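Down below is the structure, laid out as structure tokens.
Only the coordinates and a few stated rules stand behind these numbers; no lab work does. Keep in mind it's a predicted model, so treat the numbers as computed, not measured. No Cβ is skipped: glycine too gets one built from the backbone with ideal geometry, and neighbour counts run over all protein chains shown.
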Amino acid sequence: MSGVERAEPSQRGESSPAPGPRIAAVGLASWDRFLVVGHYPSAGEYAVVAEEASLPGGTTTNTAVALARIGARVSLAAMLGDDAEGRSLRAAMAAEPGIDTAWLATRPETRTDASTIVVSADPADRTIYWHQGAALVRRDRLDLTAIFDHDLTLLDVADAPLRRWVTDLPAHFAPRTRLLGTMTYLVDTAEPDALEVALRFDALVGNAREVQALTGERDLDAAGAAVVAAMRGANLRTLIVSRGREGCRVCTGGETVDVPGFPVNAVDTTGAGDAFAAGIAYGMARRWDWNRTARLANALGALATRALGGQTALPDRQEVAALLGAPEEVVFG
Ligand code: ADP
């Protein structure tokens, strides 16, 4: 190098963006195989496959990539299988500059968790066939002190004993930790104390079907009210419900607010909920108000639907700012 030293941005008179928030994401890494059909066949009938794809996916991995693309610094804790998909997923995560893969482990002699996803144009929806594989469980070693030492911890694990254990700890030895929980696995494993575990998070995110399953209520208004009633005296402060193209609903102890979504030409909604959760995690980590946080989450969810795959269309800061109609420094500043 020449003797001329490179000036740091501040010396050059440019403003350097603040470093992104530090977020620990603990959960599931999966590989997705897509079949695109014009319409779903009835049982016993057939559908012509118009397109196939094999892509990185997984709820927590999708959220981690969404966060990294908008500038968060993500520590990803997940379990891969000992196979080609596991190696491809690891390479995909390592290729994201904002993701630290030091806690991405491999389970020997186990296949990587995977999904076969059938995407249909009519109706515009997708159906998931889950090939369960490697996943973090209670006996795996997790450095919880280091995990809780982030601006926010996102917990998205499928193993109920692990979820119960992690949600029980902050109250005892890391009371300043902020914990965001997802509902997908919490309700799908049908644990009898799912609501009690849900109340241990600081905030809970999921779709309308999940919050209805969590509470046993048949409509979203009643389900939201049931969670708000249960929040009294509990750790949980906020419930955020994603609602597809309509946007989302934020329920706190004091009020319930609907935040409209952004119109987008949706190609595949796989991973929209994971991108949405990334927006919630980002806003919480930055301590934004709920309206600003929900708008970012709606923008990420909408933009994620633009292409086939859970990670393909995840936007960068510029794309988010363009959708929100404001300069990047204003949106993320
Ligand atoms: P999930 O995939 O978990 O069921 P949703 O379908 O509710 O989650 O999508 C998550 C978020 O993504 C929504 O709250 C919304 O902000 C955004 N989103 C999803 N689908 C669309 C769509 N068709 N148009 C605009 N935004 C969408």
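For the chain, there are no membrane-span-like helices by this rule, meaning no whole DSSP H stretch whose C-alpha atoms cover at least 27 Å of axis and whose Kyte-Doolittle mean is 1.6 or above; this says nothing about an actual membrane.
Please identify the trypsin sites (Lys or Arg not before Pro) of segment 246-324 that satisfy two criteria: DSSP loop assignment and at most 14 other Cβ atoms within 10 Å. Which are they?
Taking segment 246-324 and a limit of 14 other Cβ atoms within 10 Å, the loop trypsin sites (Lys or Arg not before Pro) found are Arg287.
Taken over segment 5-332, the percentage of Cα pairs per 10 Å bin, counting from 0 up to the bin with the maximum distance, is 6, 26, 35, 24, 7, 1, 0, 0.
Put the Cα centre of segment 62-132 next to the Cα centre of segment 192-258 and the gap is 26 Å.
What are the GluC sites (Glu not before Pro) within segment 231-333 that DSSP puts in a loop, where the Cβ has at most 15 other Cβ atoms within 10 Å?
Listed in order of number, the matching sites are Glu255.
For segment 24-77, applying the loop criterion from DSSP together with a ceiling of 13 other beta carbons within 10 Å to the GluC sites (Glu not before Pro) yields Glu45.
Tally Lys and Arg at +1 and Asp and Glu at -1 over the other residues with C-beta under 15 Å from the C-beta of Val65: what net charge comes out? Net local charge, Val65 excluded: -2.
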